[in-house]
């Protein structure tokens, strides 16, 4: 039902959109973004057909000589599985489909991927010098179509890219290498599939996914292209191979090329001097890995390490099992190692376990023992002896040295 209505609208608008003329250029008046769009109701699109029209545009052929009170047409995305939405006032290619339906695709590459048209295309093409054609007598015809239309006396209703889309002039096209496949958005996101984007242009397949152009790149003039910056772009995933070298630096890298990262991989054995070959880099301000219902598993044939300017912490609901086949070395650089077990046990070894001695308590007990020895009095047939042994000085010396048995660094409870 709606398809017939739309085809009637299109045939009324322009004779040029015929089966013989497969493509035309149209100017976008509106983009349908969701099922609540008023255009869906105005055109009477059946409920079961609504998903099909999400992403459709309301347009007018650029070559149309129709009066301002004529109908606007709808066109669907030419590729429903991959669609780059146009903005209001953008110029698109209108394709007459085999079944009579109308479709669109974006065209006209510009100096920036952000926009490819002026926000006054509708006014410049259809409104200026045509206000005299906008007569009240014709407005009833517009009302009968169910399309809400503004009076053409003011171009303010048309001079924009949409309800909230704004022109961002500092978005640049990517630099190209021979054979590249590039997907670029309006907003600085991109996907590059390349084979020669390395300093020697040696065959080295790469895949780079970027979210946001770097601030340094955005300062370039509009006549310049840009290239992904794995250190400064908003977020990036880079798959490299062969001679593609990752110029990676940890931390925040300044325009001059220096980083604010302070910690070096001092304990990481065989840290690579060059990042070449098959590898994957993820770099952003924050990384979040989450396994919702099952395991998170890490395998590494070579060494692996954690290098951070911050703190390493592990918060587990259950225990920690560590099984190694070599020494464990912990270097604290004059800082403490605290094992806070509460009322739990700390066991060193796993067989023939004996209790650890508390140093200060042992010193106190030995002190009491020596004091008791020094105060000994023995009963003899001749009467009680003098107080203490004759070598009492030796016991006093031992007593004075008891605290030397205590560790100055290590404690236990």
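What follows is calculated from the coordinates using simple rules that are stated; it is not laboratory data. As the structure is a prediction and not an experimental result, all values here were calculated from the model. We place every Cβ from the backbone using ideal geometry, glycine too, and count neighbours over all the protein chains shown.
Identify which of 44, 388, 302 has the largest mean-square fluctuation in a Gaussian network model of the chain, with springs joining Cα atoms closer than 10 Å.
The residue with the greatest mean-square fluctuation here is 388.
Hey, what did the chain get for relative contact order, percent, Cα under 8 Å, at least 6 apart?
On the way: 574 pairs, mean separation 36.1, N = 413.
Contact order relative to length: 9 percent.
For a quick check: sort 172, 30 by the number of other beta carbons within 10 angstrom, fewest at the front. All intermediate terms of the calculation are to be shown ahead of the outcome.
Details: 172 23, 30 18.
With the sparsest Cβ surroundings first, the list reads 30, 172.
Kindly give the semi-axes, whole Å and largest first, of the ellipsoid equivalent to region 359-405, taking each as the square root of 5 times a Cα gyration tensor eigenvalue. All intermediate terms of the calculation are to be shown ahead of the outcome.
Working: eigenvalues 139, 24, 4 Å².
Working from the Cα gyration tensor, I get semi-axes of 26, 11, 5 Å.
Can you tell me the orientation of helix 2-13 relative to the chain, as the angle in degrees between its alpha-carbon axis and the longest Cα principal axis, to the nearest 10?
That works out to roughly 50 degrees.
Helix 359-374 sits at what angle to the longest principal axis of the chain, using alpha carbons and giving 0 to 90 degrees rounded to 10?
It is inclined by approximately 10 degrees.
If we count other beta carbons within 10 Å of each Cβ, what is the order of 157, 327, fewest first? Could you put the intermediate results ahead of the total?
On the way: 157 15, 327 5.
Result, fewest neighbours first: 327, 157.
If each DSSP helix of 4+ residues adds -39,500 (n - 2.57) and the sum is divided by the residues in the chain, what number results at 222 nm, nearest 500 deg cm²/dmol? It would help to have the intermediate numbers written out before the result.
Numbers: 7 runs with 59 residues, N = 413.
Taking each H run of at least 4 residues, the total per residue is -4000 deg cm²/dmol.
What share of all Cα pairs of the chain, in percent, falls into each consecutive 20 Å distance bin?
Binned Cα distances yield the sequence 17, 30, 23, 14, 9, 5, 2, 0.
Please identify, among 205, 250, 384, the residue showing maximal mean-square fluctuation in a Gaussian network model of the chain using a 10 angstrom Cα cutoff.
Evaluated over the chain, the most mobile residue of the options is 384.
Expressed as a fraction of 2.2 N^0.38 Å, the rule-of-thumb size for a compact globular protein of N residues, what is the C-alpha radius of gyration of region 302-358?
This ratio for region 302-358 stands at 1.48.
Out of all DSSP beta bridges in the chain, what portion is antiparallel? Express it as a percent rounded to 5. Show your work: numbers first, answer last.
Values: 41 of 44 bridges.
Around 95 percent antiparallel, to the nearest 5.
With the contact rule set at Cα under 8 Å and sequence spacing of 6 or more, what percent relative contact order holds for region 197-321?
The normalised contact order for region 197-321 reaches 24 percent.
So for 209, 39, 171, 328, fewest C-beta neighbours within 10 Å to most, what's the order? Write down the numbers at each step before the final one.
Numbers: 209 16, 39 20, 171 23, 328 6.
The fewest-first ordering by Cβ neighbours comes to 328, 209, 39, 171.
Calculate the all-directions average of the projected area of region 260-309's alpha-carbon convex hull, and give it in nm².
On the way: hull surface 21.2 nm².
Projected over every direction and averaged, the Cα hull of region 260-309 covers 5.3 nm².
Compute a Gaussian network model of the chain, connecting alpha carbons closer than 10 Å, and tell me which residue from 31, 115, 357 fluctuates the most.
Looking only at 31, 115, 357, the biggest GNM fluctuation is shown by 357.
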